[in-house]
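One structure is given here, and the rest of the page talks about it.
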Amino acid sequence: MSVSDNLLHIKSTLPEHVTLVAVSKTKPVPDIMEAYNAGQRIFGENKIQDMADKYEAMPKDIQWHMIGMYSVIK
C-alpha cells in the first residue's frame, strides 16, 4: 500500500473531530511529499535538526510539531 493510499484509508476511519499528526521521523522527504500531496499538512518530528532540514525542503504551509521526548543529534 502506498503512503497516499494508507493515509487516505486511515483518514476515512477517523471521526471528524480527530486531527491526524503524521509522524515523519525517519522518513525521507519524497515519502513526506507523497503524504503532503494526499492532503496531509500536519507532521510530527522528534529531532530538532531533522525537523529543520525537512522544513527547508518542504512546502511552507505544513504545521510541524515536536513529538516525544526532546532529542538532538549529538
Quickly run through segment 32-59 and pick out the residues that are aliphatic (A, V, I, L, M) and either under 20 Å from THR19 (Cβ atoms) or in contact with a His (Cβ under 8 Å, 6 or more places away or on another chain) (or both). ILE32, ALA35, ALA38, ILE42, MET51, MET58
State whether the residues of segment 11-22 include one that is part of a strand (DSSP E or B), of a type outside the set (S, T, N, Q) and modelled with pLDDT of 95 or more. yes
Enumeration of residues in segment 19-31 that are hydroxyl-bearing (Ser, Thr, Tyr), exposed (fewer than 12 other Cβ atoms within 10 Å of the Cβ) and either in contact with a strand residue (DSSP E or B) (Cβ under 7 Å, 6 or more places away or on another chain) or over 19 Å from MET69 (Cα atoms) (or both): THR19
Does any residue of segment 2-18 turn out to be closer than 24 Å to MET69 by Cβ and either exposed (fewer than 15 other Cβ atoms within 10 Å of the Cβ) or of a type in the set (A, V, I, L, M, F, W, C) (or both)? yes
Within segment 32-58, can you find the residues that are surrounded by 15 or more Cβ atoms within 10 Å (Cβ to Cβ) and touching a helix residue (DSSP H, G or I) at 6+ places or on another chain (Cβ under 7 Å)? ILE32, GLU34, ALA35, ALA38, GLN40, PHE43, GLU45, LYS54, MET58
For segment 59-72, give me each residue that is surrounded by 10 or more Cβ atoms within 10 Å (Cβ to Cβ) and at pLDDT below 90. GLY68, SER71
Looking at segment 34-64 only, could you name the residues that are over 17 Å from LYS11 (Cβ atoms) and either under 9 Å from the mean Cα position of the chain (by Cα) or in a helix (DSSP H, G or I) (or both)? GLU45, ILE48, GLN49, ASP50, MET51, ALA52, ASP53, LYS54, TYR55, GLU56, ALA57, TRP64
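The values are calculated or read from the model by the stated rules, or taken from the named source; none is laboratory data. Fair warning: this is a prediction, and the values are worked out from it, not measured in the lab. Note that we place each Cβ from the backbone using ideal geometry, even for glycine, and neighbour counts take in every protein chain shown.
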